[in-house]
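Student: I'd like to ask you about the structure that follows.
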Amino acid sequence: MIDLKGIKKIYANGDIQVAALAGVDLHVGASEFVSIMGPSGSGKSSMMNILGCLDTPTEGEYFLDGTDVAKASGDQLSVIRNRKIGFVFQGFNLLPRTMAVENVELPMLYAGVPSKERRTRAIEALESVGLGGRIYHKPKELSGGQQQRVAIARALVTKPSIILADEPTGNLDSKSSEEVMAIFQRLHESGNTIVLVTHEPDIAEFTERIVHFRDGNIEGDEKVANPRKARAQIVEEGVAK
Amino acid sequence: MNFLESIRVSLRALRANKLRSALTMLGMIIGVAAVIAMVGIGNGATASITSQIQGLGSNLLTISSGQSNSGGVRGGMGSSDTLKMTDVDKIQIGTAVKAVAPVANTNGQVVFGSGNTSTTIMGTTQDYQEIKNVTMATGRFITTDDVDKAARVAVLGPTVVTDLFGDANASVIGKVIKINNVPFQVIGVTTSTGSTGFMSSDDMITAPISTIQQRLLGKKTVRNILVSATSADQMQAAQNQITAELERAHNIQAGKNDDFNIQNQADMLQTMTGVTQTLTMLLGGIAGISLLVGGIGIMNIMLVSVTERTREIGIRKAIGAKGLDIMMQFLIEAIVLSILGGGIGIVLGFGGSTLAGKALKMSTSISPTSVLVAFGFSAAIGIIFGVFPARKAASMDPIDALRYE
Ligand SMILES: Nc1ncnc2c1ncn2[C@@H]1O[C@H](COP(=O)(O)OP(=O)(O)O)[C@@H](O)[C@H]1O
Ligand SMILES: [Mg+2]
């Protein structure tokens with residue numbers, strides 16, 4: 001599924017060069033549920049951006065579903081992001097002044113899905129994250145947890161090969177965090193591959209494997225013996241208007 | 001993403017920012033409205049001047065006292081009274097010249113009972129009627145007999161009738177009015193030509209030139225001699241013929257300056273329409289500059305909009321938008337703004353020029369060309385000034401765009 005070989009990311013700030021990733025090798029198999037942990041500045045986000053094809057490595061090879069995407073062009077990366085990757089951000093990154101359902105439709109718009117099908121699939125995705133009653137709400141009319149669930153619906157609606165999340169609970173209270181983790185667990189149970197970044201050990205405990213980062217290198221890689229089960233019940237929040 | 005979807009995305013973005021969209025369009029609206037209105041008013045002015053000059057009479061040549069234009073320094077038209085009644089007979093009626101009439105005019109205070117008005121008194125001969133296409137509403141025009149006898153008869157314009165008798169339909173034939181205290185009998189009323197303002201043929205009294213010279217002017221002055229050519233093609237021939245005849249009558253040696261001056265209606269028309277066309281172009285040009293400013297306004301706002309929506313661009317790219325998708329979105333936004341602005345501008349310009357026409361009492365004409373040009377120009381401005389911001393948006397790196405605060 002994911003194969004990284006000798007990935008380096010070097011940022012040049014004038015004369016000073018920062019190696020955010022110092023040569024990372026990582027394999028993530030299909031249907032894995034992985035969390036990446038590490039102190040601030042250890043290269044977690046740099047790693048996720050490369051995994052999510054938002055950025056290209058300075059050096060190294062990145063095989064996604066068997067094809068090397070490390071040297072792809074901007075537009076090729078757009079297509080890969082659109083087809084294979086669902087990305088969830090810490091800050092939600094929803095379009096403001098745009099209804100939840102339209103936000104979820106957006107990736108399908110660029111995939112060329114006809115508008116009727118877009119709407120049905122977007123509504124299904126929102127229902128699956130418990131937001132069937134909020135489909136016509138705009139982001140500012142939703143709580144942080146609800147906004148993140150819209151973002152998750154947007155990430156999964158294209159049925160991507162892999163769902164990536166960079167500190168998805170970073171802006172959420174513990175209750176909303178648990179709700180979000182419950183959704184990820186359920187997505188994992190239905191066969192999705194998920195990689196998420198967190199600096200909270202509690203959150204990492206919901207996953208099945210933890211990769212530790214330090215100074216741009218993988219410091220440790222462990223299986224979680226007994227992943228904690230997120231208990232939050234996703235209450236269906238009302239019915240669609 | 002197909003083109004239709006791009007349009008839909010752009011329209012949604014414009015609707016999401018109604019105020020900004022409206023303000024952006026404002027420059028375009030004003031620019032296009034100004035072009036349409038200015039050109040419309042200009043065309044109207046040209047048309048009205050053309051019809052006024054044509055209304056002066058058909059194929060008209062006007063001979064005045066004074067030096068001709070070719071003499072360099074000009075003695076001022078009619079400053080020396082070099083035209084005489086005898087000159088009229090020197091001009092031969094023939095293949096080129098159809099009719100000749102001298103005119104001597106003055107301003108007079110006209111009184112009838114308690115009615116009182118000040119108007120132009122035009123002394124002339126019978127042929128004036130043919131030259132100026134004067135038609136009678138009632139009664140008759142002055143005749144050669146009236147001129148020979150210096151009869152105190154007067155033909156009134158409809159405005160004079162209203163001013164003097166208080167009623168346009170008053171029965172006035174046979175009534176005796178006083179012009180500068182000289183009694184005149186009314187013999188006819190001309191039909192309205194609709195002309196207004198200075199030297200309007202509606203606000204005028206026509207009388208035999210002999211009577212005016214003797215009773216009102218006290219001297220045998222001839223202000224102008226009006227000549228109508230047999231056709232437009234004969235204007236130049238008529239002018240040459242008259243020049244030769246009057247030079248002989250006035251004993252002007254070859255190479256010397258003439259003491260008279262012949263004005264050609266066609267020349268006048270050309271000069272006047274030339275002036276108004278220049279004015280129209282000038283006004284249109286100024287309005288065109290405001291159109292350009294409107295276009296720059298669109299570019300300005302689009303650039304601001306691109307910066308302001310950097311995050312949106314980042315989000316769209318992160319979930320799969322290609323450079324072209326983003327480019328199309330912003331380009332279409334710019335084009336929609338300018339075309340919509342242009343459309344509203346055309347409507348407003350149309351209304352504006354119609355209103356201005358009403359206020360100025362003249363007809364305005366919106367030419368389809370100016371509408372097409374304004375519309376095409378606004379679309380072009382949308383594309384030209386939209387491309388730069390759109391390319392800027394399209395070339396953004398998703399990571400940088402998402403990081404933008
Ligand atoms: N765009 C950038 N330009 C320069 N340096 C950067 C940039 N992004 C990240 N870095 C540097 O790379 C290192 C890793 O950053 P990051 O991947 O964001 O770490 P984390 O997400 O683990 O906090 C840090 O030292 C950071 O300062
Ligand atoms: Mg980070």
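The values are calculated or read from the model by the stated rules, or taken from the named source; none is laboratory data. Quick caveat, the model's predicted, so the values are computed rather than measured. Counting neighbours? That spans all protein chains shown, and the Cβs are built from the backbone with ideal geometry, glycine included.
Student: Could you list, in sequence order, the residues of the stretch B:285-344 that are aliphatic (A, V, I, L, M), within 14 Å of chain A (Cβ to nearest Cβ) and surrounded by fewer than 22 Cβ atoms within 10 Å (Cβ to Cβ)?
Tutor: From the stretch B:285-344, those aliphatic (A, V, I, L, M) are B:286-287, B:289, B:291-293, B:296, B:298-299, B:301-304, B:306, B:313, B:315, B:318-319, B:321, B:324, B:326-328, B:331-332, B:334-337, B:339-340, B:344; that's our starting set.
With within 14 Å of chain A (Cβ to nearest Cβ) added as a condition, the list becomes B:313, B:315, B:318-319, B:321, B:324, B:326-328.
The answer is B:LEU324, B:MET327.
Student: Something else now. Testing B:VAL153 on (1) within 28 Å of the chain's Cα centre (by Cα); (2) over 23 Å from B:ILE63 (Cα atoms), one condition comes back false. Which one is that?
Tutor: B:VAL153 satisfies every listed condition except (1).
Student: When you look at B:SER365, is it part of a loop (DSSP other than H, G, I, E, B) and either within 16 Å of ligand 2 (Cβ to nearest atom) or not basic (Lys, Arg) (or both), yes or no? Talk me through it step by step, then tell me what you get.
Tutor: Details: part of a loop (DSSP other than H, G, I, E, B): yes; either within 16 Å of ligand 2 (Cβ to nearest atom) or not basic (Lys, Arg) (or both): yes.
When the stated conditions are applied, B:SER365 passes them.
Student: What are the residues in the stretch B:260-275 that are modelled with pLDDT of 80 or more and either farther than 30 Å from B:LEU83 by Cβ or over 13 Å from the mean Cα position of the chain (by Cα) (or both), if any?
Tutor: Matches in the stretch B:260-275: B:PHE260, B:ASN261, B:ILE262, B:GLN263, B:ASN264.
Student: Keeping to the stretch A:200-225, report how many residues are under 29 Å from A:TYR11 (Cα atoms) and within 15 Å of the chain's Cα centre (by Cα).
Tutor: 1
Student: Taking the stretch A:21-36 on its own, how many of its residues are buried (at least 22 other Cβ atoms within 10 Å of the Cβ) and within 12 Å of ligand 1 (Cβ to nearest atom)?
Tutor: Residues that pass the stated criteria total 3.
Student: Next up: Is the stretch A:219-233 home to any residue that is of a type outside the set (Lys, Arg), more than 16 Å from ligand 1 (Cβ to nearest atom) and crowded, with 22+ Cβ neighbours inside 10 Å? Full working, then the answer.
Tutor: The first filter runs over the stretch A:219-233 and keeps only residues of a type outside the set (Lys, Arg), leaving A:219-222, A:224-227, A:230, A:232-233.
If we keep only those that are more than 16 Å from ligand 1 (Cβ to nearest atom) as well, we get A:221-222, A:224-227, A:230, A:232-233.
Applying the additional criterion that residues be crowded, with 22+ Cβ neighbours inside 10 Å yields none.
For the stretch A:219-233, residues of a type outside the set (Lys, Arg), more than 16 Å from ligand 1 (Cβ to nearest atom) and crowded, with 22+ Cβ neighbours inside 10 Å: absent.
Student: Still on this structure: Given (1) more than 30 Å from B:GLU247 (Cβ to Cβ); (2) at pLDDT 80 or above, where does B:ASN59 come up short, assuming only one miss?
Tutor: All conditions are met except number (1).
Student: Only strands (runs of 3 or more DSSP E) wholly contained in the stretch B:117-200 count here; list those with 1 or more residues that are touching a helix residue (DSSP H, G or I) at 6+ places or on another chain (Cβ under 6 Å). Step through it out loud before you land on a result.
Tutor: Values: elements: B:136-139, B:153-156, B:176-179, B:182-190.
Answer list for the stretch B:117-200: B:153-156, B:182-190.
Student: If you go through the stretch A:139-174, how many residues are more than 14 Å from chain B (Cβ to nearest Cβ), within 16 Å of ligand 1 (Cβ to nearest atom) and in contact with a strand residue (DSSP E or B) (Cβ under 8 Å, 6 or more places away or on another chain)?
Tutor: 1
Student: Right, next: Can you confirm whether A:PHE87 is within 10 Å of chain B (Cβ to nearest Cβ) and more than 12 Å from ligand 1 (Cβ to nearest atom)? Steps first, answer last, please.
Tutor: Numbers: within 10 Å of chain B (Cβ to nearest Cβ): yes; more than 12 Å from ligand 1 (Cβ to nearest atom): yes.
Spelling it out, A:PHE87 is indeed within 10 Å of chain B (Cβ to nearest Cβ) and more than 12 Å from ligand 1 (Cβ to nearest atom).
Student: Condition (residue is more than 25 Å from A:PHE89 (Cβ to Cβ), in a helix (DSSP H, G or I) and among the acidic types (Asp, Glu)) applied to the stretch B:306-313: is it met by at least one residue?
Tutor: No - not one qualifying residue is present in the stretch B:306-313.
Student: While we're looking at this one, here's another question. Give me a count of the residues in the stretch A:159-172 that are buried (at least 24 other Cβ atoms within 10 Å of the Cβ) and over 15 Å from A:LEU94 (Cβ atoms).
Tutor: Here is the first cut: in the stretch A:159-172, the residues buried (at least 24 other Cβ atoms within 10 Å of the Cβ) are A:164-165, A:168-169.
Narrowing the set further to residues that are over 15 Å from A:LEU94 (Cβ atoms) leaves A:164, A:169.
Adding up the residues that qualify gives 2.
Student: If I filter the stretch B:387-399 for residues that are surrounded by fewer than 17 Cβ atoms within 10 Å (Cβ to Cβ), part of a helix (DSSP H, G or I), of a type in the set (D, E, K, R) and more than 14 Å from chain A (Cβ to nearest Cβ), do I get at least one hit?
Tutor: No, the stretch B:387-399 contains no residue that is surrounded by fewer than 17 Cβ atoms within 10 Å (Cβ to Cβ), part of a helix (DSSP H, G or I), of a type in the set (D, E, K, R) and more than 14 Å from chain A (Cβ to nearest Cβ).
Student: Residues A:LEU95, A:LEU109, A:LEU131, A:LEU77: which one is surrounded by 19 or more Cβ atoms within 10 Å (Cβ to Cβ), assigned to a loop (DSSP other than H, G, I, E, B) and facing another protein chain (nearest Cβ under 9 Å)? I'd like the intermediate steps shown before the answer.
Tutor: Details: A:LEU109 fails: assigned to a loop (DSSP other than H, G, I, E, B); A:LEU131 fails: facing another protein chain (nearest Cβ under 9 Å); A:LEU77 fails: assigned to a loop (DSSP other than H, G, I, E, B).
Criteria check complete, one pass: A:LEU95.
Student: Would you point out the residue of the stretch B:1-33, among those that are buried (at least 16 other Cβ atoms within 10 Å of the Cβ) and not in a helix (DSSP H, G or I), that is nearest to the other protein chains (Cβ to nearest Cβ)?
Tutor: Out of the qualifying residues, it is B:MET1.
Student: Still on this structure: Scan the stretch A:75-125 residue by residue and report those that are among the hydroxyl-bearing types (Ser, Thr, Tyr) and under 19 Å from the mean Cα position of the chain (by Cα).
Tutor: Our first condition is that a residue be among the hydroxyl-bearing types (Ser, Thr, Tyr); within the stretch A:75-125, this holds for A:78, A:98, A:110, A:115, A:120.
Of everything in the stretch A:75-125, those that are among the hydroxyl-bearing types (Ser, Thr, Tyr) and under 19 Å from the mean Cα position of the chain (by Cα) turn out to be A:SER78, A:TYR110.
Student: Which strands (runs of 3 or more DSSP E) sit wholly inside the stretch A:1-72 and have at least 2 residues that are away from ligand 2 (no atom under 16 Å from the Cβ), among the basic types (Lys, Arg) and under 21 Å from A:LYS223 (Cβ atoms)? Write out each step before concluding.
Tutor: Details: elements: A:2-13, A:16-28, A:33-37, A:59-64.
Answer list for the stretch A:1-72: none.
Student: For the stretch A:37-62, which residues satisfy the criterion of being more than 11 Å from ligand 1 (Cβ to nearest atom) and either under 16 Å from A:THR198 (Cα atoms) or touching a Phe, Trp or Tyr at 6+ places or on another chain (Cβ under 6 Å) (or both)? Write out each step before concluding.
Tutor: Initial filter on the stretch A:37-62 (more than 11 Å from ligand 1 (Cβ to nearest atom)): A:51-54, A:56-62.
Matches in the stretch A:37-62: A:LEU51, A:GLY52.
Student: In the stretch A:153-165, is there at least one residue being out of contact with any Asp or Glu (no Cβ under 9 Å at 6 or more places or on another chain) and within 16 Å of ligand 2 (Cβ to nearest atom)?
Tutor: For the stretch A:153-165, residues out of contact with any Asp or Glu (no Cβ under 9 Å at 6 or more places or on another chain) and within 16 Å of ligand 2 (Cβ to nearest atom): present.
Student: Suppose we keep only residues that are polar (S, T, N, Q) and more than 19 Å from B:ALA374 (Cβ to Cβ) within the stretch B:7-57. Which one would you say is nearest to the chain's Cα centre (by Cα)?
Tutor: Quick first cut of the stretch B:7-57, residues polar (S, T, N, Q) only: B:10, B:17, B:21, B:24, B:43, B:46, B:48, B:50-52, B:54.
Still in the running and more than 19 Å from B:ALA374 (Cβ to Cβ): B:10, B:17, B:21, B:48, B:50-52, B:54.
Values: B:SER10: 44, B:ASN17: 43, B:SER21: 37, B:SER48: 5, B:THR50: 7, B:SER51: 9, B:GLN52: 9, B:GLN54: 13 Å.
Once the filter is applied, the top-ranked residue is B:SER48.
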